[in-house]
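Below is one structure, written out as structure tokens, with a few remarks after it.
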Amino acid sequence: MSTSTLPRHIAIVMDGNGRWAKHRHLPRIAGHKAGVKAVRETVKFCVEHHIEVLTLFAFSSENWRRPAVEVNHLMELFIMALEREATKLHKQNIQLRIIGDRARFDEKLQKQMANAENLTANNTGLKLLIAANYGGQWDITEACRRLAIDVQQGKLAPEDISAELIEANLVTADLPLPDLFIRTSGEQRISNFLIWQLSYAELYFTDAHWPDFDASELKKAVAFFANRERRFGHISEQLRAENHA
Ligand code: IPE
Ligand code: IPE
Ligand code: MG
């Protein structure tokens, strides 16, 4: 695989844990547990292929609406996964960031998130973003709120608010925008994931449930990406002319 056609930032909606479990007559939480293995495989692939950023949607701002037992199980799973994986990620030179509104998580989990981030903060390899209690609308709202404060304090004129400035206040401010979006389990929607940041991402959908997603599935998604012509509003002929200049 040539590096020029590899995505720099892959963003994944890890969907289908519940359906995977249901097919096996298992409780939904068994599907979430099985999903952790797919996370490991995906991270490994990204490290091996020198992908710069991997963002995984683990828990949306809307997922609190699920039955309390499932939400509680998911929280326990996050705590366990952080406990087990943080040092392993560190050893692989991975920088871990948790994006989302963390205030709603219990203190123990918030502390663990901060510890794992601090441990890996200076790592220079893959940037692994875990979206937890994340919503794209929340991200944009927070950015607007910060800009409004600057306006209120006289540091910013309303006419100076631009798309670039809003983008610079999103959680992904210092990163390349996702160029490949993947959603598993057949659903074709964004579900309030990185709604601003995905404006020019290539969208890839697969019927595989998240626990079945592995390196061979990811290879297919990356091959799909390599075959897209990314025009960003131009026409094909302009891009070809540029490539030959
Ligand atoms: C994704 O799998 C994991 C989370 C949202 C936490 P789901 O739990 O949404 O699985 P399905 O969609 O019910 O199969
Ligand atoms: C989106 O999946 C959130 C995560 C994968 C964490 P959902 O399964 O919650 O999305 P909807 O509700 O089907 O749109
Ligand atoms: Mg789902």
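The values are calculated or read from the model by the stated rules, or taken from the named source; none is laboratory data. As the structure is a computational prediction, the values presented were derived from the model and not from experiment. Note that each Cβ is placed from the backbone with ideal geometry, even for glycine, and that neighbours are counted across all protein chains shown.
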**Request:** Enumerate the pairs (first residue in the stretch 99-112 and farther than 19 Å from residue 68 by Cβ and surrounded by 14 or more Cβ atoms within 10 Å (Cβ to Cβ); second residue anywhere and basic (Lys, Arg) and at pLDDT 95 or above) with beta-carbon separation below 8 Å, excluding pairs fewer than 6 apart on the same chain, so at least 6 apart or on different chains.
**Result:** 110/102
**Prompt:** What are the residue pairs meeting all of these: first residue in the stretch 153-179, first residue of a type in the set (A, V, I, L, M, F, W, C), second residue surrounded by 10 or more Cβ atoms within 10 Å (Cβ to Cβ) and assigned to a loop (DSSP other than H, G, I, E, B), Cβ atoms under 6 Å, and 6 or more apart or on different chains?
**Reply:** 177/197
**Item:** So residue 26, is it at pLDDT 95 or above and farther than 22 Å from residue 201 by Cβ
**Value:** yes
**Message:** Conditions first: (1) closer than 28 Å to residue 95 by Cα; (2) away from ligand 3 (no atom under 16 Å from the Cβ). Residue 182 passes all but one, so which condition is the exception?
**Reply:** (2)
**Residues that are in contact (Cβ under 8 Å) with a residue 24 or more places away in the chain, more than 16 Å from ligand 3 (Cβ to nearest atom), more than 17 Å from the chain's Cα centre (by Cα) and in a helix (DSSP H, G or I), drawn from the stretch 1-43** = 3, 5
**Test result for residue 173, of a type in the set (Gly, Ala, Ser) and outside any loop (DSSP other than H, G, I, E, B)** = no
**Complete:** The correct count of residues that are part of a helix (DSSP H, G or I), small (Gly, Ala, Ser) and within 18 Å of residue 13 (Cβ to Cβ) in the stretch 102-150 is 1
**Whichever residue in the stretch 16-55 is within 11 Å of ligand 2 (Cβ to nearest atom) and crowded, with 22+ Cβ neighbours inside 10 Å and, among such residues, is farthest from residue 226 (Cα to Cα)** = 32
**Prompt:** If you go through the stretch 186-198 one residue at a time, do you hit one that is among the acidic types (Asp, Glu), in a loop (DSSP other than H, G, I, E, B) and more than 16 Å from ligand 1 (Cβ to nearest atom)?
**Reply:** no
**Message:** Based on this model, can you work out whether residue 63 counts as over 17 Å from the mean Cα position of the chain (by Cα) and either more than 21 Å from residue 175 (Cα to Cα) or of a type outside the set (Phe, Trp, Tyr) (or both)?
**Reply:** no
**Prompt:** So residue 87 clears everything in (1) under 27 Å from residue 123 (Cα atoms); (2) more than 16 Å from ligand 2 (Cβ to nearest atom); (3) surrounded by 14 or more Cβ atoms within 10 Å (Cβ to Cβ) except one condition, right? Which one?
**Reply:** (3)
**Request:** Report, ordered by the first and then the second residue, all pairs with beta carbons closer than 8 Å, sequence separation of six or more or different chains, a first member in the stretch 44-62 that is under 18 Å from residue 73 (Cβ atoms) and modelled with pLDDT of 95 or more, and a second member that is within 14 Å of ligand 3 (Cβ to nearest atom) and part of a helix (DSSP H, G or I).
**Result:** 59/74
**Message:** For the structure I just gave you, tell me whether residue 14 is touching a Leu at 6+ places or on another chain (Cβ under 8 Å), farther than 27 Å from residue 219 by Cβ and modelled with pLDDT of 95 or more.
**Reply:** no
**Request:** Please work out if residue 147 is over 21 Å from the mean Cα position of the chain (by Cα), of a type outside the set (Phe, Trp, Tyr) and crowded, with 17+ Cβ neighbours inside 10 Å.
**Result:** yes
**Asked** Regarding residue 133, is this residue among the polar types (S, T, N, Q) and either at pLDDT below 95 or touching a Ser or Thr at 6+ places or on another chain (Cβ under 7 Å) (or both)?
**Response** yes
